[in-house]
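Report on the structure given below.
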């Protein structure tokens, strides 16, 4: 590096400065990327669980993942996630009904949601809509 006149890390610092000047989000990663991912997923799944609590009908339960980013959601009696899937798909929203994970056809009131992506306004709106659609099944 000395022969080229470049100190270690200069390219990285230049990239960070450029991104910040352009107003882009810049993530600083721990030396152990696993630590960063666990922290990120924990924060995102906690936000996801909060949105589920706020948007879905009373009696809905959401798991607390231990290290991952997938949240299992159990809807109250009277909800059917296969019907919810059809209604959501008509609105351009994807979700995974729990029945797909059961060879015996159980988990008809369950769905799996992912917290691996940062939440945009579009994600939040989709979750709110899913909650409304689930609540409408109880009326």
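The values are calculated or read from the model by the stated rules, or taken from the named source; none is laboratory data. As the structure is a computational prediction, the values presented were derived from the model and not from experiment. Positions of Cβ are backbone-derived with ideal geometry, glycine not excepted, and every protein chain shown enters the neighbour counts.
Values computed for the structure shown
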quantity: Residue list for segment 81-110, filter: in contact (Cβ under 8 Å) with a residue 24 or more places away in the chain, assigned to a helix (DSSP H, G or I) and surrounded by fewer than 16 Cβ atoms within 10 Å (Cβ to Cβ); calculated: 82, 83
quantity: Meets criteria (in contact (Cβ under 8 Å) with a residue 24 or more places away in the chain, over 15 Å from the mean Cα position of the chain (by Cα) and surrounded by 15 or more Cβ atoms within 10 Å (Cβ to Cβ)) for residue 56; calculated: yes
quantity: One residue from 133, 113 being touching a strand residue (DSSP E or B) at 6+ places or on another chain (Cβ under 7 Å) and surrounded by 17 or more Cβ atoms within 10 Å (Cβ to Cβ); calculated: 113
quantity: Pair list, Cβ < 9 Å and 6+ apart or interchain, from segment 69-80 residues that are on the phi > 0 side of the Ramachandran plot and surrounded by fewer than 20 Cβ atoms within 10 Å (Cβ to Cβ) to residues that are in a loop (DSSP other than H, G, I, E, B) and modelled with pLDDT under 95; calculated: 78/138
quantity: Verdict on residue 128 being touching a residue at least 12 places away in the same chain (Cβ under 8 Å) and under 16 Å from residue 57 (Cα atoms); calculated: yes
quantity: Residue within segment 124-138 that is more than 22 Å from residue 45 (Cα to Cα), over 15 Å from the mean Cα position of the chain (by Cα) and outside any helix (DSSP H, G or I) present; calculated: yes
quantity: Verdict on residue 76 being part of a loop (DSSP other than H, G, I, E, B) and in contact with a strand residue (DSSP E or B) (Cβ under 8 Å, 6 or more places away or on another chain); calculated: no
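For every residue, the table says whether it meets (1) surrounded by 10 or more Cβ atoms within 10 Å (Cβ to Cβ); (2) assigned to a loop (DSSP other than H, G, I, E, B); (3) at pLDDT below 90; (4) within 13 Å of the chain's Cα centre (by Cα).
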| residue | (1), (2), (3), (4) |
| --- | --- |
| 20 | yes, no, yes, no |
| 24 | no, yes, yes, no |
| 28 | no, yes, yes, no |
| 38 | yes, no, yes, no |
| 46 | yes, no, no, yes |
